[in-house]
1. Evaluate the following for Asn74: is it assigned to a helix (DSSP H, G or I), open to solvent by 40 Å² or more (accessible area, probe 1.4 Å) and without any contact (Cβ under 8 Å) to a residue 60 or more places away in the chain?
2. Does segment 190-213 contain at least one residue that is assigned to a helix (DSSP H, G or I), open to solvent by 50 Å² or more (accessible area, probe 1.4 Å) and closer than 30 Å to Glu78 by Cα?
3. So which of Asp138, Asp96 is modelled with pLDDT under 95 and out of contact with any strand residue (DSSP E or B) (no Cβ under 9 Å at 6 or more places or on another chain)?
4. Of all residues in segment 128-157, which are in a loop (DSSP other than H, G, I, E, B), aliphatic (A, V, I, L, M) and more than 19 Å from Val70 (Cα to Cα)?
5. crowded, with 17+ Cβ neighbours inside 10 Å and either touching a residue at least 60 places away in the same chain (Cβ under 8 Å) or within 27 Å of Asn100 (Cα to Cα) (or both), is that true of Leu123?
6. Do you know which residues across segment 156-169 are of a type in the set (D, E, K, R) and modelled with pLDDT of 95 or more?
7. Could you list, in sequence order, all residues of segment 212-270 that are among the basic types (Lys, Arg) and farther than 22 Å from Phe63 by Cβ?
8. Enumerate the pairs (first residue in segment 91-115 and assigned to a loop (DSSP other than H, G, I, E, B); second residue anywhere and among the β-branched types (Val, Ile, Thr)) with beta-carbon separation below 7 Å, excluding pairs fewer than 6 apart on the same chain, so at least 6 apart or on different chains.
Amino acid sequence: MAALLLITVTACVSDDKDEESGLRDTVFIGGKTDQPGFNLHAAHTDRGLEVDLANYLGGEIGFHPKFHDVISANREQELKEGSSALIIATYSIAPDRERNVDFVGPYLVTGQGFLIREDYQGLKTEKDVAGKEICTVDGSTSAEAELPRGTTRQKVADYSTCVRKLQRGAIDAVFTDEALLYGFVEQQKNSKVPLKVAPGVTAGQINRYGIGLPKGHTADCKSLVRALRTYLTEEWAADVQAQLPALVHAYPGDWENRFRPDPEDLDHYSSCNA
């Protein structure tokens, strides 16, 4: 019995140690490359909090991140097919997703809210959402969130499409994660139709953004947990201040408490423990 136990333990250790890493050389990462503040591809350059995070992880673990665009509805499929080694795309950790994907995180925590035109006065409380035309993205948590009866929900492929609809008056609001909305507030602040997050109007759930990776890559999962834990304490605050200034401005003195995960949360929400 003792010999059998020793063989079993040795095999488990060996499997974890000898597992071939997918985090070497160039690592292809699925991202949403049209989300200002998180990942915006423009002039042949990627910029945003998730880009900063990927670069930090690559420096710590030893790989070069290379982003390509993925829509919300295709994130699980990207990992299953091997088109992406990782997904870093405002990807909320959720039980239904964890059946198909492993997660490391969270690297940001956010509630959900409504983006409106800066001069719009028709959305001041949760009750005002009833009867409004709301845009969100197919495959996102906001696409399935409960909204007041009578609300019309348009589902499109990406939030940039929602924002364009909002600015031309085709919808009343964009509904998704509050942190994500502040990226568009900053991007559009000097446009002909500036935007704002409706103050104090919320719906849906608290979302925790995680790094998605294929099921069963335990060694890579543990490497990511260790690197992310350090990132949250050493780099996170400076990167958020640089990439999401509208969010920081909206919650002076309180933005870290609202949006920064406790590093210990990684032990609870990640699919592995470092």
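1. Details: assigned to a helix (DSSP H, G or I): yes; open to solvent by 40 Å² or more (accessible area, probe 1.4 Å): yes; without any contact (Cβ under 8 Å) to a residue 60 or more places away in the chain: no.
Taking the combined requirement at face value, the residue does not satisfy it.
2. Initially, segment 190-213 is screened for residues assigned to a helix (DSSP H, G or I), giving none.
Within segment 190-213 (the criterion being assigned to a helix (DSSP H, G or I), open to solvent by 50 Å² or more (accessible area, probe 1.4 Å) and closer than 30 Å to Glu78 by Cα), the answer is no, since none of the residues qualifies.
3. On the way: Asp138 fails: out of contact with any strand residue (DSSP E or B) (no Cβ under 9 Å at 6 or more places or on another chain).
Answer to the selection: Asp96.
4. Our first condition is that a residue be in a loop (DSSP other than H, G, I, E, B); within segment 128-157, this holds for 130-132, 138-151, 157.
This time we only want the ones that are aliphatic (A, V, I, L, M), so: 130, 143, 145, 147, 157.
Residues satisfying the conditions are Ala130, Ala145, Leu147.
5. Numbers: crowded, with 17+ Cβ neighbours inside 10 Å: yes; either touching a residue at least 60 places away in the same chain (Cβ under 8 Å) or within 27 Å of Asn100 (Cα to Cα) (or both): yes.
Yes; evaluated as a whole, the condition is true for this residue.
6. Going through segment 156-169, the residues of a type in the set (D, E, K, R) turn out to be 158, 164-165, 168.
Result: Arg164, Lys165, Arg168.
7. Within segment 212-270, the subset among the basic types (Lys, Arg) is 215, 222, 226, 229, 258, 260.
Matches in segment 212-270: Arg258, Arg260.
8. From residues that are assigned to a loop (DSSP other than H, G, I, E, B), the pairs are Ala94/Thr141.
The values are calculated or read from the model by the stated rules, or taken from the named source; none is laboratory data. This one's a predicted model, so the numbers in the text were calculated from it and none came from an experiment. Cβ coordinates were reconstructed from backbone atoms using ideal geometry, including for glycine residues, and neighbour counts include every protein chain displayed. Quick note on the areas: whole protein, heavy atoms, side chains included, nothing else; ligands and nucleic acids left out. Shrake-Rupley method; radii C 1.70, N 1.55, O 1.52, S 1.80 Å.
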